[in-house]
1. What does the C-alpha gyration tensor say about the overall shape of the stretch B:319-410? Classify as rounded when a/c is under 1.5, otherwise prolate if a/b is larger than b/c, or oblate.
2. Using 22 Å as the Cα-Cα cut-off, could you pick out the over-long pairs in B:Lys208/B:Lys257; B:Lys50/B:Lys247; B:Lys208/B:Lys263; B:Lys122/B:Lys197; B:Lys167/B:Lys257?
3. Which percent, nearest 5, of DSSP beta bridges in the stretch B:298-409 are antiparallel?
4. From other protein chains only, count the Cβ atoms within 10 Å of every residue's Cβ in B:312-321, then give the mean.
5. For the protein assembly as shown, what does the helix formula give at 222 nm: sum of -39500 (n - 2.57) over DSSP H segments with n ≥ 4, over the residue count, nearest 500 deg cm²/dmol?
6. Based on other C-beta atoms within 10 Å, arrange A:Leu35, A:Leu80 from fewest to most.
7. As an exercise, use a Förster radius of 45 Å and the Cβ-Cβ distance of B:Lys124 and B:Arg273 to find the FRET efficiency, rounded to the nearest 0.05.
8. With a 10 Å radius around each residue's Cβ, average the other Cβ atoms per peptide and rank B:273-281, B:394-402, B:381-389, B:75-83, highest first.
Amino acid sequence: MIGLFAAAISKSKKHSLIRASAHPVIDSTDAVTGLALDPNLSLVKAQCTGCHSPMLILQHRFTRDEWLSKIRWMQRNHKLWDLGETEKPVLDYLAKHYAPNQSAYSRREPLRNVKWYKLEN
Amino acid sequence: MNADFHNRRGFLKKSALTTLAGIVGTEIVFAEKMPKNHVPLAFDEGLKGKHPDMIVLSDKPWNVETPPHLLDDAVTPVERMFIRNNGIVPEEKIDPSTWTLTIKGESVKAPKVYKISDLKSKFKTYTYQLVLECGGNGRSGFVPQTSGNQWDQGAVSCAEWTGVRLKDILNDVGLKDDAVYIGYYGKDLHPSRDPNKVVISRGVPIKKALEDETLVVWAMNGQELPLMHGFPLRLVVGGWPASVSGKWLHTISVRNKEHDGAKMEGHSYRVPRQSIPPGEKLAETPENFRIIESMPVKSMITFPKTGAMVDLGKALSLRGHAWAGDVAVKEIQVSIDYGATWQKCSLQTPKNRLAWQQWSAQIQLPKKGYYEVWARATDANGVAQPMVIPAWNPGGYLNNACHRIAVKVV
């Protein structure tokens with residue numbers, strides 16, 4: 001999972017001077033689940049934390065596409081149902097509050113943007 | 001410069017064209033027909049004579065770094081030497097025949113003024129290869145990000161500098177017993193263009209100032225100093241943050257206390273005396289921050305360029321440089337398995353004290369796939385480079401983590 005974390009951090013953010021923390025502050029989290037307070041929280045509780053711990057969300061930081069792939073994976077392997085029209089607000093919630101951020105990083109990121117060339121050796 | 005003005009295919013970005021149109025007051029006709037990677041003259045100032053693949057981090061002031069594979073030469077050519085400016089390059093017409101160096105301060109017996117011709121005739125000339133590395137080289141590796149130029153690996157060079165020993169000049173001037181520090185003054189302009197503001201005035205303790213290799217130079221690689229690198233006169237103090245090697249040098253003050261010029265204060269070129277958690281704030285007092293002196297051990301893989309695809313079964317030749325501030329490098333090793341095993345490289349002795357050392361190795365990559373080649377140097381005191389990013393500090397200095405390249409066996 002650490003590898004996934006590292007991969008999820010966007011190098012393109014490197015040059016922006018301020019990166020907002022995606023860590024919710026204490027008074028903006030739900031007392032029971034620890035999840036970020038948000039109008040869509042009840043949907044997330046209904047669709048996600050009925051089956052698994054909210055900690056499975058809390059310990060991850062993924063892009064919207066990566067969160068979608070987790071949903072698809074759960075649908076393939078763990079009998080998660082079709083989220084229907086709630087899929088968009090659930091993804092909105094996850095992408096907003098649990099996006100890759102600097103508090104989840106490796107001490108050395110993967111090498112990025114390698115321009116491959118044939119070395120004649 | 002590609003980063004700033006050209007898109008990834010080497011054509012000028014639309015934003016650059018708009019800027020240029022603003023400068024010349026008209027549309028750039030046939031912009032789409034400009035040759036690839038052509039830099040129109042208006043952008044040229046700081047990049048004059050520089051390799052087209054140099055990376056511009058800032059064009060006002062000029063801060064430009066060198067991709068590692070362009071640093072393959074033992075002696076860095078001027079077109080591949082990084083630029084680190086705090087202010088604006090002097091705009092006055094510089095005449096070396098009238099330029100003077102004044103030595104003054106609390107700890108000189110009497111101030112003295114030298115013309116460059118005096119320096120050349122009065123004192124013995126020396127030539128040394130000396131490493132200059134920005135204290136913030138590698139800053140982009142720190143998380144959370146620290147402010148300042150986001151240098152990757154390339155704010156380092158080892159050129160051949162020719163001039164006279166500062167100690168010979170200071171002996172000629174005559175110092176009092178209470179001299180503890182020197183501070184330089186140069187003719188670069190403050191970014192605000194306020195002539196009363198000093199951009200940068202740093203220095204070193206008198207002990208470092210009196211070392212044989214501390215030079216006042218007028219030539220680099222056998223040629224007159226380029227304007228961007230301090231023409232007509234500069235200090236070169238190898239092994240310490242390059243900010244102590246003042247450019248456009250006109251005055252050296254010999255102080256009876258730690259020099260208190262611009263960029264000596266706050267957390268400029270300083271790190272916490274006690275390490276702090278990443279991101280933590282620390283009051284910028286001398287009690288909390290110490291001045292960076294000798295730079296830490298470091299190395300670089302300059303061949304091959306990252307991204308090399310090689311055929312299975314063929315040996316891969318590697319080479320680069322290693323350096324360690326005031327001391328020599330004792331050993332360098334490479335790893336192709338993320339540090340699980342290391343292979344010793346051959347390492348040359350430095351041309352002179354404070355020059356970087358060349359290393360080379362041949363490695364066999366056992367099967368097809370993706371590899372990272374990591375290089376790790378160990379200095380004469382047995383201190384090695386960390387593989388991870390070292391201690392976070394508010395200025396983002398001293399990241400000497402191992403350099404690595406990506407290699408694929410196909």
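1. Oblate shape, in that a/c is at least 1.5 and b/c is the bigger or equal ratio.
2. Numbers: B:Lys208/B:Lys257 15 Å; B:Lys50/B:Lys247 18 Å; B:Lys208/B:Lys263 19 Å; B:Lys122/B:Lys197 33 Å; B:Lys167/B:Lys257 18 Å.
Cα-Cα > 22 Å for B:Lys122/B:Lys197; rest within.
3. Numbers: 31 of 34 bridges.
Taking every DSSP beta bridge with both residues in the stretch B:298-409, the antiparallel ones total about 90 percent.
4. What the average comes to for B:312-321 is 1.
5. Details: 10 runs with 77 residues, N = 531.
Per the formula, -4000 deg cm²/dmol.
6. If I rank by nearby Cβ atoms, fewest first, I get A:Leu80, A:Leu35.
7. Working: r = 40 Å, r/R0 = 0.88.
Calculated value: 0.70.
8. Sorting B:273-281, B:394-402, B:381-389, B:75-83 by mean packing, highest first, produces B:394-402, B:75-83, B:381-389, B:273-281.
Each value in this text was obtained by applying a stated rule to the coordinates, not by laboratory testing. Keep in mind that what you see is a predicted model, and the values were worked out from it rather than measured. Counting neighbours? That spans all protein chains shown, and the Cβs are built from the backbone with ideal geometry, glycine included.
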